[in-house]
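What follows is a set of notes on a single structure, which appears directly below.
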Amino acid sequence: MKYSLLFIAFLTVAAVTADETPSSNITINCENAKTGAACSKQQTQVIDSTGLDTVVTDVPKKEDFLAKGAEVRISVIGQGVAPMNTSSPAQAYALAKRAATADAYRLLAEKVKGVRIDGQDLIKNMMVQRSTVRTTVQAMVKNANVVETTFKEGLCEVEMEIVLAHAQFSN
Amino acid sequence: MRSRDGNRLGTRSIFKLVFLFSSLVLSASEYLISYRYVVQDAILRNETLSIAKTMQKCSGSTYDSLLLESDGGDNLKQIIFQNEDKFFSFIHALGLDVKHSEINTNLQNSSTTILTLKTTCFKVDFNDNFAKISPLN
């Protein structure tokens, strides 16, 4: 009786310790980690609960576009046209300038943040029926400066620039 | 010992100072301003500037300011329209939200760009010859 109780207790302890094995273990290895330099590639090693299967995936590291202390100056030229039904040349200029400024802002947003492009082609009986390309840009543009404004033959051109510094993105 | 006239003069000047200070404090008020314009196919289609006095106090601190010339009035709309270019340049520098969509169907292009200044609280100090506008963050 005494030995059977001891045997049952031993079996329970063995079962509990068997359940406590880790389900997964993730380690990140880097070739030149000893030197402290940034890794060109990150290697992720995933070890399953069995400890037998090993999956290695390469995660490319994000490149630094702006070095510390560096600045990038982005310059664009936006174009705008005055509407046909303006009451005076001054009004035409003001409206065209506003349109050109919006265009310049859009160009800055495109350069800094990027453009989303969706395309769709409809082909019927081996002929292209309709081809559509949609582009969208959405961003917040701050501290853009107007460099020069020109108005010639109904077309207004606004040159704008924005200075991007590393400090703006480091926080 | 001071004379009565001297004391009266002193009291009067103190009252003047208090009145001046209180009038300066009272002339500072807060406004909510939003701005939006739509450009379609490189032509300005719609422009809206909304100005409203706040009904409750805004929180935050001022971080930038613009001085606009005025003729002593406290009508912000009028002051802004008198200094339109300066004010819109200031608003552009504060930061605008850009939404642009362009569609090209069978090689024919059309585009719409919307620039928006989200509703922002501005503190405005009206003085004799100018108004100081500062956004609150």
*From the backbone phi of region B:69-82, what are the Karplus-calculated ³J(HN,Hα) couplings (6.51 cos²θ - 1.76 cosθ + 1.60, θ = phi - 60°) in whole Hz, Gly and Pro given as x?*
6, 9, 9, x, x, 10, 8, 5, 4, 5, 5, 5, 5, 6
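Please identify every one of the trypsin sites (Lys or Arg not before Pro) in region B:20-105 that sits in a loop by DSSP and has no more than 16 other beta carbons within 10 Å of its own beta carbon. Let's see the in-between values first.
Details: sites: B:R36, B:R45, B:K53, B:K57, B:K77, B:K86, B:K99; in loops: B:K57.
The qualifying sites are B:K57.
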_On a 31 Å Cα-Cα criterion, which of the cross-link pairs B:K77/B:K99; A:K113/B:K77; B:K99/B:K123; A:K68/A:K142 come out too long?_
A:K113/B:K77
*On average, how many beta carbons from a partner chain sit within 10 Å of the beta carbon of a residue in B:34-41?*
3
_Quick check: net charge around B:T54, other residues with Cβ under 13 Å of its Cβ, Lys/Arg +1 and Asp/Glu -1?_
+2
_Loop-located GluC sites (Glu not before Pro) in region A:105-171 whose Cβ has at most 12 other Cβ within 10 Å (DSSP)_ = A:E153
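Every number in this text was worked out from the coordinates using simple rules, so none of it is lab data. If you're wondering where the values come from, they're calculated on a predicted model, not measured in any experiment. No Cβ is skipped: glycine too gets one built from the backbone with ideal geometry, and neighbour counts run over all protein chains shown.
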